[in-house]
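Worksheet: one structure, shown below.
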Amino acid sequence: MIMDYTVIKSKRKTLALQIKNGELIVRAPLKISDREIERFVSEHSEWIEKHLKKSQERAERVETITP
């Protein structure tokens, strides 16, 4: 499954995934290759799908509660 994501590179040592407002953000070290980032996202696809689903469910609950 190919998914859209935003990459934020900074002075960090590790890769990290973040789900924010239903979007996937990948935080990465400055010198890491795009291929490594793609592999990391692919390896964590189950985690990503699970948490994106949770995020969508949370947003739907907020919509039903808000008048």
query = Straight-line reach from K50: which lysines have a Cα under 16 Å away, not including same-chain ones fewer than 8 places off?
reply = K20
Principal-axis tilt of helix 45-65 within the chain, Cα atoms, nearest 10 degrees = 30
message = If you take every DSSP beta bridge fully contained in the chain, what fraction is antiparallel? Give it as a percent rounded to 5.
response = 50
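Over the chain, what is the mean sequence separation of C-alpha contacts under 8 Å (at least six apart), divided by residue count, expressed as relative contact order in percent? Walk me through the intermediate numbers first.
Values: 66 pairs, mean separation 19.0, N = 67.
Reported relative contact order: 28 percent.
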remark   = Under a 1.4 Å probe, counting only protein heavy atoms, V41 has an accessible area in Å², nearest 10, of 10
message = Going Cα to Cα from K11, which aspartates and glutamates come in below 20 Å? Please leave out same-chain ones fewer than 8 positions away.
response = D34, E36, E38
query = Per q in 0.16, 0.19, 0.21 1/Å, what log10 I(q)/I(0) does a Debye calculation on the alpha-carbon atoms of the chain return?
reply = -0.57, -0.74, -0.84
request  = Find the accessible area per residue for the chain; the probe is 1.4 Å, ligands and nucleic acids are left out, and the unit is Å².
outcome  = 83
query = Carbon and sulfur atoms: what percent of the 1.4 Å accessible area of the chain do they account for?
reply = 50
ask   = For the chain, with only Lys/Arg (+1) and Asp/Glu (-1) charged at the beta-carbon, what is the dipole magnitude about the Cα centre, in debye rounded to 20?
value = 500
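The values are calculated or read from the model by the stated rules, or taken from the named source; none is laboratory data. If you're wondering where the values come from, they're calculated on a predicted model, not measured in any experiment. With ideal geometry, Cβ positions are generated from the backbone for all residues, glycine too; neighbour counts draw on all protein chains shown. Ligands, DNA and RNA are stripped out before the accessible areas are found, and what is left, the full protein with its side chains, is counted by its heavy atoms. Shrake-Rupley method; radii C 1.70, N 1.55, O 1.52, S 1.80 Å.
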